[in-house]
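Working notes, beginning with the structure itself.
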Amino acid sequence: MTDWRRRARRLLFERGDAPLGGNARPRRWGAGFLAALCFVGLAGCSMLFPSGDKVKWDELTLAASDDANNDSPVAVDVVFVTDKALLERIAELPASKWFSVRGDLTGTFPNALRYQSWELVPGQRLVVQKDKLRGPRVAGVFVFADYPGPGAHRVRVERFDGRLVVQLGENAFTVSSVK
């Protein structure tokens with residue numbers, strides 16, 4: 001081997017581009033391949049086993065009492081949150097704030113948040129079928145009711161199967177899960 005080839009090879013080896021003994025490149029390639037395989041495996045786990053729970057309600061019943069919201073229509077939103085960080089932010093919002101910022105939030109976080117809205121008049125009963133409630137896995141679900149008085153007027157739903165019943169009263173509401 002000529003002198004200039006040896007020097008070139010030694011320079012490449014010192015830079016890490018070429019092996020001196022001939023077997024360093026396969027080891028480097030193997031380590032890189034193994035690292036890439038681990039990364040793809042971890043990314044694949046979240047695709048194969050996504051986090052969160054699937055909403056499997058058979059139906060959602062919204063029922064407003066005859067004196068609901070002081071004999072005025074009341075807006076109700078069921079909010080599906082898929083991102084855990086956003087879930088904490090939504091959990092702190094009172095209903096008055098939710099109804100004023102929901103457009104901005106869904107525009108800012110289009111893949112992490114979706115909601116269904118209804119407005120009920122006193123005495124009205126509405127049954128929503130399960131196909132309108134299905135979607136991606138969720139980190140949490142909230143129900144907001146737009147009452148004018150003070151209070152959070154927000155309920156976090158803990159159960160995602162069976163039937164969900166929202167009962168709107170005069171100044172407050174309740175949410176219950178029925179198997």
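Computed from the coordinates by the stated procedures, all read-outs in this text should not be read as laboratory data. Keep in mind that what you see is a predicted model, and the values were worked out from it rather than measured. Cβ placement follows ideal geometry from the backbone for every residue including glycine, while neighbour counts extend to all protein chains displayed.
According to a simple spin-label model (label point 7 Å from Cα along Cα-to-Cβ), what is the distance in nm between Asp67 and Arg134?
If labels sit at Arg134 and Asp67, their model points lie 4.2 nm apart.
Less than 10 Å Cβ to Cβ from Thr82, Lys/Arg counted +1 and Asp/Glu -1: what total charge do the surrounding residues give?
Numbers: positive: Lys84, Arg114, Arg137; negative: Asp83.
With Lys, Arg at +1 and Asp, Glu at -1, the net is +2.
Straight-line reach from Lys132: which lysines fall under 18 Å, measuring Cα to Cα and dropping same-chain residues less than 8 apart?
Lys54, Lys56
Taking amide H atoms as placed 1.01 Å from N in the peptide plane, list the residues 5 or more away in sequence, or in a different chain, whose amide H sits under 5 Å from that of Val157.
For Val157, the qualifying residues are Val141, Phe142, Val143.
Going by the alpha-carbon gyration tensor, a ≥ b ≥ c the square roots of its eigenvalues, is the stretch 123-174 rounded (a/c under 1.5) or, if a/c is not under 1.5, prolate (a/b greater than b/c) versus oblate? Don't skip to the end; give the middle numbers.
Working: a/c = 2.48, a/b = 1.47, b/c = 1.68.
Oblate, since a/c reaches 1.5 and b/c is not below a/b.
Find out how many positive minus negative residues lie around Lys130, taking Lys and Arg as positive, Asp and Glu as negative, among other residues whose Cβ is under 11 Å from that of Lys130.
Cβ neighbours under 11 Å give a net charge of 0.
What is the sum of charges around His153, taking Lys and Arg as +1, Asp and Glu as -1, for the other residues whose C-beta is under 11 Å from the C-beta of His153?
On the way: positive: Lys97, Arg154; negative: Asp77, Asp146.
Around His153, the charge tally is 0.
Output wanted: per-residue J couplings in Hz (rounded whole) for the stretch 68-79, from phi through Karplus 6.51 cos²θ - 1.76 cosθ + 1.60, θ = phi - 60°, x for Gly and Pro.
4, 6, 6, 6, 10, x, 10, 7, 10, 10, 9, 10
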